[in-house]
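Heads up, the thing below is written out as structure tokens.
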Amino acid sequence: MSRPNTRNKNKRPRADEAESPSAAVFKKIHSTGDISKSDTRQIYMVWKPLCHGCHGNSKDSPNCFCGLIPTANGVRKTGLWQKTQEIVRGLGPNPSKDLRDCAETPAGLTNLGATCYANSILQCLYMNTSFRSGIFSLEPDILKKHPVLDQLARLFAQLHSSKMAFIDSAPFIKALELDNGVQQDSHEFLTLFLSLLEQSLSHSKVAGARTIVQHLFRGSVSHVTRCSSCGKDSAASSKMEDFYELELNIKGLNNLEESMNDYFSEEALDGENQYFCESCQKRVDATHWIKVRSLPPVVNFQLKRYVFLPKTTTKKKISSTFSFPGQLDMGKWLSNPSSSFTYDLAAILIHKGTAANSGHYVAHIKDESNGQWWEFDDETVSKLGSHPFGEKPGKPSNKDDQKSQGISTAGSVTDNNGNNNIHQEATSISTVGEMFSSTDAYMLMYKCTSMDGNATESNNIMEINNDSLPHHFLDEIHELNTSYVKSCEEYQSKKDSHLAYITERRQEVKSVLMEAPANPEDDSYFWISTDWLRQWADSITPPSSIDNGPIQCEHGKVAASKVTSMKRLSAVAWQTLFSKYGGGPTLSSDDFCMECLKDGAKNAVSADVYRDRKASLKNLAEAALAGSSPDGPSYFVSKTWLIQWLRKKNADITSDADNGPTSSLQCCHGHLLPEHAPGAKRISVPERLWLFLYETISARKADDVVTFPSDCQPCEICSQELSDVASVEGNLRAVKLKQRQNHEKLISGKSFTLHPGQKYYLVPSSWLSEWRAYITATGKNISSLPEPESLEAIVNSLICEKHSRLLQRPLDLVCKRGSIIQKTSNTDGSTMIPESDWKLFSEEWSVTPGKGIYAEIAFSKSSRDKLHGSSEAIPNMDEDLDQSLDDANDDLGARKPYVKTNPEVCEECIGERESCALVEKLNYQNEDIHVHFVRGKEAPKSIKEASKAVPVSDRRTSKRSRRTSSGNSISLKVSGSTSVYQLKLMIWESLGIVKENQKLHKGSVEIKDDFATLADNSIFPGDVLWVRDSEIYENRDIADEISEQKADILQAEEGFRGTLLTSGVSAQLCQDIAFSE
């Protein structure tokens, strides 16, 4: 039993395959002239049943309202039915997100580009309650006179009492005249800023505020030098010097204890460094060390993480792990040792990144009021808990944090790989309690919790209630908070009202669409534009009024032709919409246009008649195309037009056939084109078929239809012009045919055997290539290619004016199977042609007799004796021909043949030309080269030999990295002056291969010198390089390499030059800072 065919089961029938119900109704209307109610129901598809749950809205049914809104819980990308969160996002940023969680949570500071170094220091100073109190106690008139103090006090006031989660630091940064786009050193900033504060605060009359910087941060040391002979100290040893921080070496040291011991260690002065003792009155050996005289309440330890590299004149960061205690006893380093100088870790300044001139600063600071640690990362403030790195001792909760911060206890240090390496515990009593470690800690702040009389006095510091602000800031902060709270409330109110409106609109749409369907049997309904209804149902802001204009006919009624663009609405739904939105016009169930229906019926019948007549005349058209000669009168039509007309299924569809059956046969003079003219192919059709075509086409395009009876004569002018062209092309065709017959060997472009002792001539290979293309062009291209340049002019251009020698070398010779042939090329060098071909060329291309470049085959005694362009005289061909042939047969295998020319090759001029061409080739800019990433040990042969191929300058290549069988391939824009180092950085960025791991090759040669240019390595545009990853060095961030590269070309670091931080600071202080760094 055969299987039933179901291929066309669901295929919709074409209009000409099955008659639609509407077509039958139109025929009935045309025949009877009456339009019944059932007819309108059929034509306007009122009879269609109501549908539910369609996949989308159907145009074929005016009763379908599905798909106008999404299904339950469905959403759309835009409009009324998008996700609520997307609608809320359209209202703009929510200021409530920037609300501080609670009063106990510190506020952050905005990063204006590269101001994290200042933000971290400001947070450290603000979180010191004594310093904050001193700033808050300043008199208003002092603040008015000193803008920096004023902005600092305002900033502290906002950090203290603002309801915002972060504060704008722009006014303070502007007051200091800092460049917010340049990263600076936080230690340098702190040193210069404290110096500026000292000068500004000195004008205050409040004792505690006037000396707050000195009282909190200033200690004193003395530099002791003791004679090894007499044991006396120098006179300068009793002098006291102030310090605001202790700068500690960390290179080669593991913890704070070792760094302190290194700082206070004794230095021997001997040899050339001997000390001149006043008591001994001579240069003697001595010992020098630093002795602490007094300690401040806050001790800042500056860790020297940057070392200067003299070779590159740059700074490099030391990223080794460094440990420090949670509690420190400084008593042992005092001049009078004591055990009651306990300092607690108060803040850690962290520099993230591997480069000295980039990276990011954050601060971990302990809240003095409750002992909680906080991380200050510009705008973001995070709670760390009771430990400075947010980890409980011995229980790290985040491996990434552990890796970057390295928390440890009891001398256990966590390295960068997450491994616990047990270091030797410090035996000194200076470190007490927990130990912490970090690879990025840059500055440590310790605050004293107990001290004796050797400490600096701090009882003059004014303390104010930390929970209140100075009176002159209360109103300002209150106004800022009120404005901020108001903006939050306004946004919330706007959000609530908008969401309520959205809910109301959705409910309105749902209720109307629920009432919208009208029963097919119901006679009370209204028509509405589908486009308007869709826009109304899907827009947050609905259209202002109903617009039924698009579905009206020219008589103002409902257009039957627009039935797929309208919906049939119930009276209840229409009244709801019309009462709210107005507009119209109102189109009810009685607004069918009878005139349009009658016109439609007439057109439908006319179309049926046209199809019937076309079907009856189809055989005549097919017979004409088959070559059958019609009986009786006939007319010309375009063959192409007639073929298209037969293929056309529907008369209402426009195509090229609508141009008219004879439009392509008419010449510019209004007459019939000759048949051999382009596009003028014609067919004779019977008069019956022509009259049908003329009637149907002229009804729409009367001007396009021109009648050409089959006995019509072609245009004489056009015929003459075509004859002239044909004559010229015929002559040209004959000339080319003769040349092809004369030069059968040269036409093929293949090599032919060369015989020693025979006379040859040299012709440029490029001219021969143009000549071949010219004489082999046939058909429509017979006259399209231009003639090659004059052969005599080409030959003359090959002779240098200076030496009258040949400026182009002949192509090399090759010995194959006992025969000598010449290499072939379409562009380079000169090709040898037989004397007979040259004589024919001289006749065909009008070369002056006697002109030409002679050549013959000669043999060198050895490969070393071979000289291009030897000037030896050419031997007599007739006398020596037999001897030369014998010599060739005997010595072809032993001696190397070469081309001997007359005139000889001018090596001097050719060398100059090649040098200039090479320089020009190497002086390229912004050209493409290609780099392949090879995963194996060796590159495939295709890649190694790719650079030897001739590059195509116009070839368009992809700039994206793409996969190949051997790895990735990329295209890079480079110049001849690009260094290998820069190229490796580009490869690093594109392929992710660390610069030091790149084994870069061109062909089989490795490119090693990073400081050489691509021109030095003969790398040209279009060349193919390949690179292999040695995987020796660890993966690093290319940003660090680039930042170090930029640092290399900077002549000098500007630092804070040109800002208020250096305007009143002595040159000596700036030099000291630069030297310490």
Counting only residues that are part of a loop (DSSP other than H, G, I, E, B) and surrounded by fewer than 16 Cβ atoms within 10 Å (Cβ to Cβ), segment 281-317 contains a total of 6
Selected residue (only one of GLY53, GLY67 is in contact with a Cys (Cβ under 9 Å, 6 or more places away or on another chain), assigned to a loop (DSSP other than H, G, I, E, B), modelled with pLDDT under 70 and not charged (D, E, K, R)) | GLY53
Count - residues of segment 228-254 that are farther than 23 Å from LEU295 by Cβ and in contact with a Ser or Thr (Cβ under 7 Å, 6 or more places away or on another chain) = 5
Taking segment 561-583 as the search range and keeping residues that are in contact with a Phe, Trp or Tyr (Cβ under 9 Å, 6 or more places away or on another chain) and open to solvent by 20 Å² or more (accessible area, probe 1.4 Å), which one is farthest from ILE43 (Cα to Cα)?
-> TYR581
Which of the residues belonging to segment 335-352 are over 55 Å from the mean Cα position of the chain (by Cα) and open to solvent by 10 Å² or more (accessible area, probe 1.4 Å)?
-> SER335, ASN336, PRO337, SER338, SER339, SER340, THR342
Could we say that GLY219 is touching a residue at least 40 places away in the same chain (Cβ under 8 Å), within 28 Å of ARG305 (Cβ to Cβ) and exposed (fewer than 14 other Cβ atoms within 10 Å of the Cβ) here?
-> no
Would it be correct to say that GLU1053 is modelled with pLDDT of 70 or more and open to solvent by 40 Å² or more (accessible area, probe 1.4 Å)?
-> no
What's the number of the condition SER751 fails, among (1) open to solvent by less than 40 Å² (accessible area, probe 1.4 Å); (2) closer than 20 Å to LEU813 by Cα; (3) small (Gly, Ala, Ser); (4) within 56 Å of the chain's Cα centre (by Cα)?
-> (1)
Within segment 152-169, restricting attention to residues that are in contact with a helix residue (DSSP H, G or I) (Cβ under 7 Å, 6 or more places away or on another chain) and assigned to a loop (DSSP other than H, G, I, E, B), which residue is farthest from CYS102 (Cα to Cα)?
-> SER169
Search result, residues across segment 478-520 that are small (Gly, Ala, Ser) and assigned to a helix (DSSP H, G or I) = SER483, SER487, SER493, SER497, ALA500, SER511
Top-ranked residue in segment 769-806 [being farther than 30 Å from GLY911 by Cβ and among the polar types (S, T, N, Q); ranked as modelled with the highest pLDDT] = THR776
Does segment 628-664 hold any residues that are at pLDDT below 80, over 16 Å from TRP690 (Cβ atoms) and either of a type in the set (Ser, Thr, Tyr) or more than 51 Å from the chain's Cα centre (by Cα) (or both), and which are they?
-> ALA651, THR654, SER655
Conditions (1) under 29 Å from GLU695 (Cα atoms); (2) not in a helix (DSSP H, G or I); number of the one not met by ASP523 | (1)
Kindly provide the set of residues from segment 235-249 that are open to solvent by 80 Å² or more (accessible area, probe 1.4 Å) and in a strand (DSSP E or B), ordered by number.
-> GLU241, ASP242
Looking only at segment 284-294, decide whether some residue is within 24 Å of MET435 (Cβ to Cβ) and at pLDDT 85 or above.
-> yes
Restrict the check to segment 892-913 and report whether at least one residue is surrounded by 13 or more Cβ atoms within 10 Å (Cβ to Cβ), at pLDDT below 80, of a type outside the set (Gly, Ala, Ser) and over 27 Å from MET986 (Cβ atoms).
-> yes
Qualifying residues in segment 121-151 (those that are β-branched (Val, Ile, Thr) and out of contact with any helix residue (DSSP H, G or I) (no Cβ under 6 Å at 6 or more places or on another chain)) - the one least open to solvent (accessible area, probe 1.4 Å) = ILE142
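The values are calculated or read from the model by the stated rules, or taken from the named source; none is laboratory data. Values in this document were obtained by computation on a predicted structure and should not be read as measured data. Because the Cβ atoms are built from the backbone with ideal geometry, glycine has one as well, and the counts that use them run over all protein chains shown. Areas reflect the complete protein model, heavy atoms only, side chains present, ligands, DNA and RNA absent. Shrake-Rupley method; radii C 1.70, N 1.55, O 1.52, S 1.80 Å.
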